[in-house]
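Report on one structure; see the data block that follows.
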Amino acid sequence: VLAHEFGHFLFGSGHIENITHLGLMTGGPVWNASRGMHSWERHKLNWSDYIDVPLRVNSTFEIDDYHESGKALRIKLSENEWYVFENHQKLSIHDWSKDKGIYIYHIKNAQRFSPIVEIKCADGNWDFEIDQKDKKLLRTVPNRKGKNEINYKRSVKRKLYSCYNEVYGNNDAWGDKYDAFDLDYNNIFSPFSNPPTNTKPENDFIVEISQKKNNTYKLNFFFKNIYE
């Protein structure tokens with residue numbers, strides 16, 4: 001709690017919404033102070049820098065566990081819009097991620113606090129249905145432009161519906177074992193997949209997770225000819 005509150009002294013008022021256990025300055029829909037810092041937070045304080053993936057050039061990078069190495073990859077679409085890739089293997093007591101693998105974030109308002117951060121969950125985006133009678137939240141059908149369990153939040157008649165345990169059986173507002181991209185569940189992130197990259201056509205890209213050796217992942221980035 002002290003670290004989080006001191007973070008307000010460093011960053012300012014406000015919180016980073018919808019990143020749950022993956023950042024120190026987390027706000028809603030769930031909050032807990034016992035976790036390490038997100039790479040955006042470390043970068044903002046000049047405590048670490050990103051490894052930048054070049055735009056419009058096909059390339060390959062290897063990335064070690066984020067909390068052990070302090071390294072994360074970034075596609076910088078503009079000064080204020082980034083894609084960030086962290087490898088979480090839960091080797092550190094400060095890594096409270098719910099899954100092991102590559103966490104992908106789409107970050108807007110990247111130069112200011114608070115940034116807008118969307119976690120691209122490997123199990124995709126969905127439509128949700130609210131059962132007001134039984135006060136339950138149900139995941140229904142896949143929707144590439146929908147929400148995932150981490151960022152869904154809606155207020156109906158002064159009751160807030162998020163993926164908390166009391167309204168959603170899996171308590172996935174904290175994240176689940178299908179959040180991260182890996183070789184076992186989902187190893188492709190692209191304009192055609194769910195979730196999509198949601199970028200302009202000239203900036204669209206594909207990321208393929210092609211190999212894991214010990215705790216290191218190999219990521220292939222494709223910018224050329226992805227629509228052929």
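The values are calculated or read from the model by the stated rules, or taken from the named source; none is laboratory data. Because the structure is a prediction, the values reported are computed rather than measured. Glycine also receives a Cβ, built like all others from the backbone with ideal geometry; neighbour counts cover every protein chain displayed. For the accessible areas, the whole protein counts, side chains as well, though only heavy atoms, and no ligand, DNA or RNA atoms are used. Shrake-Rupley method; radii C 1.70, N 1.55, O 1.52, S 1.80 Å.
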### Task
Go through Leu138, Leu160 for me and flag whichever is farther than 19 Å from Glu118 by Cα and in contact with a Pro (Cβ under 9 Å, 6 or more places away or on another chain).
Leu160
### Query
Taking region 20-35 as the search range and keeping residues that are at pLDDT 90 or above and in a loop (DSSP other than H, G, I, E, B), which one is nearest to Tyr227 (Cα to Cα)?
Gly23
#### Entry: Among (1) touching a residue at least 24 places away in the same chain (Cβ under 8 Å); (2) under 17 Å from the mean Cα position of the chain (by Cα), the one test that Trp31 misses
(1)
### Query
Of the residues that make up region 146-161, is at least one surrounded by fewer than 18 Cβ atoms within 10 Å (Cβ to Cβ) and closer than 14 Å to Gly101 by Cβ?
no
### Query
Give me the pairs: first residue in region 79-103 and at positive phi, second residue open to solvent by 90 Å² or more (accessible area, probe 1.4 Å) and not in a strand (DSSP E or B), beta-carbon distance under 7 Å, and six or more apart or on different chains, which are they?
Lys90/Lys100
### Query
Among the residues of region 5-58, how many are small (Gly, Ala, Ser), closer than 13 Å to Trp174 by Cα and surrounded by 18 or more Cβ atoms within 10 Å (Cβ to Cβ)?
1
### Task
Have a look at Ile63, Ile119 and point out the one that is surrounded by 15 or more Cβ atoms within 10 Å (Cβ to Cβ), within 13 Å of the chain's Cα centre (by Cα), in contact (Cβ under 8 Å) with a residue 12 or more places away in the chain and within 23 Å of Asp176 (Cα to Cα).
Ile119
### Test: Tyr217 is open to solvent by less than 20 Å² (accessible area, probe 1.4 Å), of a type in the set (Phe, Trp, Tyr) and either free of Cβ contacts under 8 Å to residues at least 60 places away in the same chain or part of a strand (DSSP E or B) (or both)
yes
### Message
Take the conditions out of contact with any Phe, Trp or Tyr (no Cβ under 6 Å at 6 or more places or on another chain) and either basic (Lys, Arg) or closer than 18 Å to Asn151 by Cα (or both) and apply them to Arg42. Does it pass?
### Response
yes
### Message
I need every pair where a residue in region 137-161 that is in a loop (DSSP other than H, G, I, E, B) has its Cβ under 8 Å from the Cβ of a residue that is open to solvent by 90 Å² or more (accessible area, probe 1.4 Å) and of a type in the set (S, T, N, Q), sequence separation at least 6 or different chains.
### Response
Glu149/Asn170
